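I have placed the structure first, in the form of structure tokens, so that the comments after it can refer back to it.
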Amino acid sequence: MSESTRMMLGLAIGIIVMIVLVMKTKIHTFIALLLAALLTGLIGGMPVVDLTDAAGVTTTGVITAIKDGFGSTLKSTGIIIGLGVMMGGILEVSGAAEQLAFTFIKAIGKKKEEWALAITGWVVSIPVFADSAIVIFAPLVKAMSSVTGKSVVGLALSLACGLQLTHCLVPPTPGPLTAAGLLGVDVGQMIMIGIVISIPMLLVIVPYCKWVGKKIYQIPTGDGEYERKEFKEEYLKSMDEVEKLMGEKNLPSFGRAIAPIIIPILLIFIKTFWNLLGSGEGIVNTVICLFGEPIVALALGTVIAIYGLKKEDNKRVINIMDTAIKDTGLIMLITGAGGSLGNVIKVSGIGDVLGEAVVGLPIPAILIPFIIAALMRLALGSATVAI
């Protein structure tokens, strides 16, 4: 067996073992990723520990590669992940996310509820985890279906698609943020490119969701069940009841709701454009570089989110932060383990062998990472872990 074949076999076995462990056993994703990194390196020909030959050349061992990959990944993303999760938790509990949804629904208008929910998901999922946002907006989707007569399937699918787009493409969500860190991409550029790529996808997805809503027309019956009917235009009703429903809730203003999201992104954008134009010297350059650094920008966004809540909720804010910190630990472990696997692939030379193999295939090279990503996303059930 040639060395390149052995490397590819190691990668294949490592990934297969990881997927099987995650899908079929109770082993945690963090441990499965570490085992995948270990198997990939050992089968691919890496020594267990660092070895130095007679000429003084050191060969990196798989254990060292795992440690280095874990540390370097968290060095670039750990603080930002923590801040992003805390800010998302505050926006979730404060009602800011619901206020954004209601504002977009009112602005876009009747019979365009799918567009409103898709745009809501697209914006909210930048700081808030997609799975959390689904839980937040599920009652709103159900209420909109009841009072407008639109299929709950089409509405929910529109929301989910909007959430997943920015969840997978736009930092500071941990997945794309980690990708930016591993690949050495400027976070501001990653945000811009992610936004540009996701918008055409949104324009294509929403009409499809509306079509699905008509084909699978289901509305809530009021007793926790859903009734399937044939779609008819006369089912569409007024949205006055939605406005009444949201008016009964004590939600923050739209400005306070969106400020924690917009301000950090603007600061990062300004720094990115400043660097592209050629940064100078002096106090202006120092201020822009300081406040445009993702760590500082997100810290400011988190502070704005905290003080956007009412003063009597201070104890509640502390509880939210504590819960977010607990969630952050798990996310960081998985992110770091993913970095370990990536570093093993890099240090062992598997990445170079894989690249040469891809170039030789009779299909566009860009489809290979796309197909791998799609399969990993389906198998693992988490976009963040897959990335």
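The values are calculated or read from the model by the stated rules, or taken from the named source; none is laboratory data. Predicted model, so just to flag it, every value in this text is computed and none were measured. As a convention, Cβ positions derive from the backbone with ideal geometry for all residues, glycine included, and neighbour counts pool all protein chains shown. To get the accessible areas, we keep the full protein, side chains included, count just its heavy atoms, and leave off ligands, DNA and RNA. Shrake-Rupley method; radii C 1.70, N 1.55, O 1.52, S 1.80 Å.
Restricting the range 328-344 to residues that are open to solvent by 40 Å² or more (accessible area, probe 1.4 Å) and modelled with pLDDT of 80 or more leaves a set whose member that is nearest to the chain's Cα centre (by Cα) is Met332. Are there any pairs, at least 6 apart or on different chains, whose C-beta atoms fall under 9 Å, with the first in the range 26-44 and over 10 Å from Leu341 (Cα atoms) and the second open to solvent by less than 50 Å² (accessible area, probe 1.4 Å) and outside any helix (DSSP H, G or I), and if so, which? These pairs meet every condition: Thr29/Ser382; Gly44/Gly349. If only residues of the range 22-41 that are of a type outside the set (A, V, I, L, M), assigned to a helix (DSSP H, G or I) and open to solvent by less than 80 Å² (accessible area, probe 1.4 Å) are counted, the one that is nearest to Gly71 (Cα to Cα) is Phe30.
In the range 111-126, the residues that are at pLDDT 80 or above reach residues that are of a type in the set (Lys, Arg) and open to solvent by 40 Å² or more (accessible area, probe 1.4 Å) with C-beta atoms within less than 7 angstrom, at least six apart or across chains, in these pairs: Glu114/Lys210. None of Val170, Val185 is under 30 Å from Val296 (Cβ atoms) and open to solvent by less than 30 Å² (accessible area, probe 1.4 Å) except Val170. Among the conditions (1) at pLDDT below 80; (2) not in a helix (DSSP H, G or I), Thr73 misses just one, which is (2).
Checked against the criteria, Gly95 does not count as closer than 18 Å to Ile306 by Cβ and under 19 Å from the mean Cα position of the chain (by Cα). Restrict the check to the range 42-58 and report whether at least one residue is open to solvent by 30 Å² or more (accessible area, probe 1.4 Å) and part of a helix (DSSP H, G or I). Scanning the range 42-58 turns up at least one residue that is open to solvent by 30 Å² or more (accessible area, probe 1.4 Å) and part of a helix (DSSP H, G or I). Among the residues of the range 232-243, is any of a type in the set (A, V, I, L, M) and modelled with pLDDT of 75 or more? Within the range 232-243 (the criterion being of a type in the set (A, V, I, L, M) and modelled with pLDDT of 75 or more), the answer is no, since none of the residues qualifies. Residues in the range 274-295 that are at pLDDT 80 or above and of a type in the set (S, T, N, Q) were compared, and the one that is least open to solvent (accessible area, probe 1.4 Å) is Asn285. On inspection, Ile63 passes the criterion of being assigned to a helix (DSSP H, G or I), open to solvent by less than 70 Å² (accessible area, probe 1.4 Å) and closer than 28 Å to Gly329 by Cα.
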